[in-house]
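First up is the structure itself, then whatever we jot down about it.
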Number of protein chains: 4
Amino acid sequence: TSNIHLISRAMRQRFVIPDFTNFCRDIEAIYWHCKSSAGGKVASYIPQLARYDPNFWGVSVCTVDGQRYCIGDVTVPFTVQSISKPLTYGLVLDELGEDMVHQYVGQEPSGRMFNELVLDHNKKPHNPMINAGAIIVCSLLQTLAHKEMNLAERFDHVKQYFSRLAGDEYVGFNNAVFLSEREAADRNYALGFYMRENKCFPTKSNLREVMDFYFQCCAMETTCDAMSVMAATLANGGICPTSEEKVMSTDSVRDVLSLMHSCGMYDYSGQFAFNVGLPAKSGVSGGMMLVVPNVMGICLWSPPLDMYGNSVRGIQFCSELVNMFNFHRYDNLKYSTDKKDP
Amino acid sequence: TSNIHLISRAMRQRFVIPDFTNFCRDIEAIYWHCKSSAGGKVASYIPQLARYDPNFWGVSVCTVDGQRYCIGDVTVPFTVQSISKPLTYGLVLDELGEDMVHQYVGQEPSGRMFNELVLDHNKKPHNPMINAGAIIVCSLLQTLAHKEMNLAERFDHVKQYFSRLAGDEYVGFNNAVFLSEREAADRNYALGFYMRENKCFPTKSNLREVMDFYFQCCAMETTCDAMSVMAATLANGGICPTSEEKVMSTDSVRDVLSLMHSCGMYDYSGQFAFNVGLPAKSGVSGGMMLVVPNVMGICLWSPPLDMYGNSVRGIQFCSELVNMFNFHRYDNLKYSTDKKDP
Amino acid sequence: TSNIHLISRAMRQRFVIPDFTNFCRDIEAIYWHCKSSAGGKVASYIPQLARYDPNFWGVSVCTVDGQRYCIGDVTVPFTVQSISKPLTYGLVLDELGEDMVHQYVGQEPSGRMFNELVLDHNKKPHNPMINAGAIIVCSLLQTLAHKEMNLAERFDHVKQYFSRLAGDEYVGFNNAVFLSEREAADRNYALGFYMRENKCFPTKSNLREVMDFYFQCCAMETTCDAMSVMAATLANGGICPTSEEKVMSTDSVRDVLSLMHSCGMYDYSGQFAFNVGLPAKSGVSGGMMLVVPNVMGICLWSPPLDMYGNSVRGIQFCSELVNMFNFHRYDNLKYSTDKKDP
Amino acid sequence: TSNIHLISRAMRQRFVIPDFTNFCRDIEAIYWHCKSSAGGKVASYIPQLARYDPNFWGVSVCTVDGQRYCIGDVTVPFTVQSISKPLTYGLVLDELGEDMVHQYVGQEPSGRMFNELVLDHNKKPHNPMINAGAIIVCSLLQTLAHKEMNLAERFDHVKQYFSRLAGDEYVGFNNAVFLSEREAADRNYALGFYMRENKCFPTKSNLREVMDFYFQCCAMETTCDAMSVMAATLANGGICPTSEEKVMSTDSVRDVLSLMHSCGMYDYSGQFAFNVGLPAKSGVSGGMMLVVPNVMGICLWSPPLDMYGNSVRGIQFCSELVNMFNFHRYDNLKYSTDKKDP
């Protein structure tokens, strides 16, 4: 059916990127441009991440009407790490609703110099894109949503949600990464205990189980190709462009993209919002999920990280992308004469 | 010519809001809904502001193709106060360029709990939407742009810029407000001296003159109607929709809207970005400039303020507006079935 | 021998408090005065503490030449809690020396509003009188001092040190308190993990063992009488006035008293130093150890606590004591005509 | 009379330092030891300070019974700068009483990392030894004490108080320093305006006059010799040992010494209290006033400053002094066998 849908659209010449061939040529040019960048350091706090070849570099594009393009290492599995945060946030919004969720976690940037260990003035983590907030999201999924599920079922539930966002493309689990990260998680345990002291968790939360669940979400594995479909699902208001399944509610997507916009790129978030103006989320494995709302999802993957923990090639790609195309939120559609409207 | 332009468009039925009549009916309904709100307190730190009737309430709309609608107290002059900040920021970007300007002022939210007196980790004010940053912008305008101008010429220069943004509708100056605010400005003088100690100003800045200039910008006066045109100019990429003059460069507009989005509503900015998802700037006189990029500018004015210093009716209006229309940045254009696409 | 020593001194009329009878009469008057104070709340975070009768109130005095006085509930055992901090700090100074110890922990007040979770600018806990610093002291005792000891031997080692400070008067261990506190210790575990992340511990530290050791030190039990001897040992430069044993080195005593002076009374430390001007340490069980250097040690015990966590009657007693006698560090010995020189 | 007093004491061999000759020999040894230290930088923010020869080095001692010793540059005038803070604090305590004064200024260290611009949690400056607190002290002297005085009389009143503390030895005024510092005082003006915004001043304060008065106090001039008498007056409970005049009340002296102990050495105060354990106050001109309570006052002067703003040679002198003599507050008088009891 998807094919028919594509063909039908193609016949009517109504794709969101009318001249996709030329657009891909531009993407490829940026890809090669970034490929030669040598900076950054591969994350090394656990051996499983440290072993990644710094030369890996993949770019996958999926438009909201399902056109695909990819180049480079787009089928090599990597763990999603912090890119799980907007996805579990979307899931918990779907299941519990915005009001319930935001009783437990804020919705604002924390400010760059703000020590991560400090909660906001309501004694809540600042937002679900930082570790503290994502741990709370996991506790909500465990305690308030689907209480009937046991640990295994809940893990499967999340994994299937990620799969559905990816149109059933590859989503796996890297147990070695999970076990290693659980061992190397002093900061996260400190956060967990500090939040428990401050009564941040819903009652009946079991801290050990919540932490395990959090590390499991981070250790989900996917590929550049699959993640570009996830991004496209977000760009498309929650409907997967390849499977045409409604996976995330439109309201949840709005909230997810709002917080990716303001808080998705660690301490570089403010500058990224200013320079690139698109919602994105990066992870310590070098992955990066970029959303051009109503147009396309893009996944970038390259392990070397900059001082903020964002993929060096990923950041460069975004920067060159918005210089070339009118994708910045506040580019003017009519008068930005220097930029292409693809 | 503007009329011909409008008529020509009207003939072709190509307005950005095709059914403007129905849209205005909805705006009017929200207007009356907000009119009955009684909360908030009129700013009282100077008598000139304290005297405003809390019942004043005006809404003016101007689309990027120049369609206008207004209701309520839309021709009563009020001082722009902090709404001058995005305008002077736009001017200095036009004159000195982004790179030069951001050597002196940052581009990120400061974080809600962050004491305003503290500079960011580069010893710069966090962004041009807070007082410290706007004072720096004034010093750049005085010291680096148009060095040949004397004080009077520079004042006129800014006032004319505001006028051009407003398509030559009313922009005045309220000298009593200027004089009063200069007297009641301990916080701003503290900021000024603290920044001078930290060498935040360009060399040759004269602190007294900079402060005077800053207070003068805040004491510029306009009306709801005129300010809706300014907002529409920003929505339209810097081209005034009524005069069709290119006033602000497209790049400057992008930067201005980016920072209005993340930092325009005082300590409520993060929540506003999450809930409303549109660039806006409020002032202590109860004015509020709201931009729907590529679509329209809106000015809201009502003196009673909430605890953050934003107009109570203005905030309520924005909230109801995005509940009704798909204007939130991250509303999906195709699948937001509950919301109108005007 | 001690008796002979006392008798000999008595014969020579050379006691540090020449007229001890009158001095005790004054102490008794203050005791009864404080007894009627009804404010404060007994600590309730674990049931073992919550059960203490708020009417308990005991005062014990021991001079550096071994004269004793006590009144009230001076033989009821209570856990030392934070009063263990100066004692384990003294022990670790004795065993590792000041230089080694202060590579791991600072020696300054943290400032009242400073969030306890934050380390100082050298990434060390501010001082050994706060939880973070005392946990570090425990890790030093475990890892660097007497490495040959196993857990049981090390526990005994500390317990015997406390006993020797008390001239072999009662020092016990309350296992129920230990087990309860270990359960109710989110803040302390957060501190532990946060410090491990920041590499505050010596290598080879085992966090669980360190935390257990810390809670065991806090759960040591003693009486008002015994603790007044500990205080007198500190007042006497480390030589126990009853056993005449040299327990703590003179240099260690100086460091312990310095930090009790500036940091011993939680967030009230600054005001206590200003008003009372004597080194002291309080614990959440309502105990308080007060040192008049070169003169005497005093133990005060009464469970109800003020908002800072200090014993209400204990604080009142200290305040009345320095109003009556010239014990404040900066009382003038010659010209303080209003105060008694006992 | 003073001579008779001295002779009478000498006859009875009851001096506080019985063997003054040997004591002075030790002081001289330390003097020469410090003389060879070459580190530190002379303050350069105003030319009047920058011109001081870095080789200046003077030490003056005055015991509470009036014995004197001095060596080096002890008669060269220098401005007191921050050493005025404990003196004006003592004056305001004498005139208004502790309760009134501490309604406006706190009495605790601010914590080393605490930004100086921030007030404490009661919206008061942390203590009178920091600039903010000393400015408040000046405002209290201007507004609440001796309201009948005009500006000139008030200046004279303070200058005479300083003179009386110094037993009428040299106290002058350096007008060039006053004028320069007033010009170079961005931080202080920022503090002043920030405090005025926070309503820290008593009503009727005139900020300009307060600031002028503060700078005038800092620009008072004295010599090492004269300042050692001031220190001795503090050591002697407020009675000048040379003039035998009661200048400062005993209660005021206690408060002054308490805050010099905890807050007198800028950001090094905590470490100084730990290492040296004596009340002291330093100034940016390289002066340092050290008090051994009930024993003596010492003045040290040498312009080169360390990173904290304290005299390099002054700090070294104090450190060597307490290593040799049992002057540290928490040295044991009986058992400190390594140290001399002079």
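The values are calculated or read from the model by the stated rules, or taken from the named source; none is laboratory data. Nothing here was measured: the structure is a model prediction, and the numbers come from that model. Neighbour counts are summed over all protein chains in view; Cβ atoms, including those assigned to glycine, are modelled from backbone coordinates with ideal geometry.
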Per the list (1) more than 14 Å from the chain's Cα centre (by Cα); (2) within 13 Å of chain A (Cβ to nearest Cβ); (3) in contact (Cβ under 8 Å) with a residue 60 or more places away in the chain, residue check on B:PHE274 breaks on (3)
Which residue, of B:SER36, B:SER84, is away from every other protein chain (no Cβ under 14 Å) and in contact with a Cys (Cβ under 6 Å, 6 or more places away or on another chain)? B:SER84
If we scan the range A:25-45, do we find a residue that is crowded, with 18+ Cβ neighbours inside 10 Å, farther than 15 Å from A:GLY283 by Cβ, at pLDDT 95 or above and small (Gly, Ala, Ser)? no
Away from every other protein chain (no Cβ under 13 Å) and not acidic (Asp, Glu): does that describe B:ALA185? no
Quick one: in the range C:295-309, which of the residues that are closer than 17 Å to C:TYR45 by Cα and within 14 Å of another protein chain (Cβ to nearest Cβ) is farthest from the chain's Cα centre (by Cα)? C:MET307
When residues of the range D:133-189 are filtered for being among the acidic types (Asp, Glu) and either under 29 Å from D:PRO47 (Cβ atoms) or touching a Gly at 6+ places or on another chain (Cβ under 6 Å) (or both), how many remain? 5
Scan the range D:293-304 for residues that are touching a strand residue (DSSP E or B) at 6+ places or on another chain (Cβ under 9 Å) and surrounded by 24 or more Cβ atoms within 10 Å (Cβ to Cβ) and jot them down. D:MET296, D:GLY297, D:ILE298, D:CYS299, D:LEU300, D:TRP301, D:SER302, D:PRO303
Mind telling me which of the residues B:SER336, B:SER311 ends up being small (Gly, Ala, Ser) and modelled with pLDDT of 95 or more? B:SER311
Considering residues that are assigned to a helix (DSSP H, G or I) and touching a residue at least 24 places away in the same chain (Cβ under 8 Å), the number found within the range C:144-157 is 3
Condition met for B:GLY238 (among the small types (Gly, Ala, Ser), touching a Leu at 6+ places or on another chain (Cβ under 7 Å) and buried (at least 21 other Cβ atoms within 10 Å of the Cβ)): no
Please go through the range B:202-255 and give me each residue that is of a type in the set (Gly, Ala, Ser) and either within 15 Å of B:GLN67 (Cβ to Cβ) or outside any helix (DSSP H, G or I) (or both), ordered by number. B:SER205, B:ALA219, B:SER228, B:ALA231, B:ALA232, B:ALA235, B:GLY237, B:GLY238, B:SER243, B:SER249
Going through (1) within 30 Å of C:GLN48 (Cα to Cα); (2) surrounded by fewer than 21 Cβ atoms within 10 Å (Cβ to Cβ) one by one, C:LYS334 fails only at (1)
List every residue pair whose Cβ atoms sit under 8 Å apart, with the two residues 6 or more apart in sequence or on different chains, where the first one lies in the range A:277-294 and is facing another protein chain (nearest Cβ under 10 Å) and closer than 18 Å to A:CYS62 by Cβ and the second, anywhere, is assigned to a loop (DSSP other than H, G, I, E, B) and among the charged types (D, E, K, R). A:PRO293/B:ARG329; A:ASN294/B:LYS334
Within the range D:165-177, restricting to residues that are part of a helix (DSSP H, G or I) and buried (at least 18 other Cβ atoms within 10 Å of the Cβ), the one that is nearest to the other protein chains (Cβ to nearest Cβ) is D:LEU165
Filter the range D:315-326 for residues that are buried (at least 24 other Cβ atoms within 10 Å of the Cβ) and farther than 22 Å from D:ALA166 by Cβ and give the result. D:ILE315
Return yes when B:VAL312 is away from chain A (no Cβ under 11 Å), hydrophobic (A, V, I, L, M, F, W, C), out of contact with any Phe, Trp or Tyr (no Cβ under 9 Å at 6 or more places or on another chain) and crowded, with 19+ Cβ neighbours inside 10 Å and no when it is not. yes
With respect to D:ALA29, is the statement that it is without any contact (Cβ under 8 Å) to a residue 24 or more places away in the chain and either more than 21 Å from the chain's Cα centre (by Cα) or in a helix (DSSP H, G or I) (or both) true? yes
One residue is enough: does the range B:35-58 have a residue meeting the conditions under 30 Å from A:PHE274 (Cα atoms) and out of contact with any Pro (no Cβ under 7 Å at 6 or more places or on another chain)? no
Filtering the range A:190-210 down to residues that are among the hydrophobic types (A, V, I, L, M, F, W, C) and within 11 Å of another protein chain (Cβ to nearest Cβ), which residue is surrounded by the fewest Cβ atoms within 10 Å (Cβ to Cβ)? A:LEU207
Of all residues in the range A:243-268 being in contact with a Ser or Thr (Cβ under 7 Å, 6 or more places away or on another chain) and at the interface with chain B (Cβ under 8 Å from one of its Cβ atoms), which is surrounded by the fewest Cβ atoms within 10 Å (Cβ to Cβ)? A:THR250
Which of the residues spanning the range C:132-153 are crowded, with 20+ Cβ neighbours inside 10 Å and not β-branched (Val, Ile, Thr)? C:ALA132, C:GLY133, C:ALA134, C:CYS138, C:SER139, C:LEU140, C:LEU141, C:GLN142
On the basis of being within 18 Å of A:GLU197 (Cα to Cα), in contact (Cβ under 8 Å) with a residue 24 or more places away in the chain and buried (at least 18 other Cβ atoms within 10 Å of the Cβ), does C:MET220 make the cut? no
I'd like to know if the range D:158-165 contains one or more residues that are over 30 Å from D:CYS240 (Cβ atoms) and without any contact (Cβ under 8 Å) to a residue 24 or more places away in the chain. no
Any residue at all in the range D:178-190 that is out of contact with any strand residue (DSSP E or B) (no Cβ under 8 Å at 6 or more places or on another chain) and part of a loop (DSSP other than H, G, I, E, B)? yes
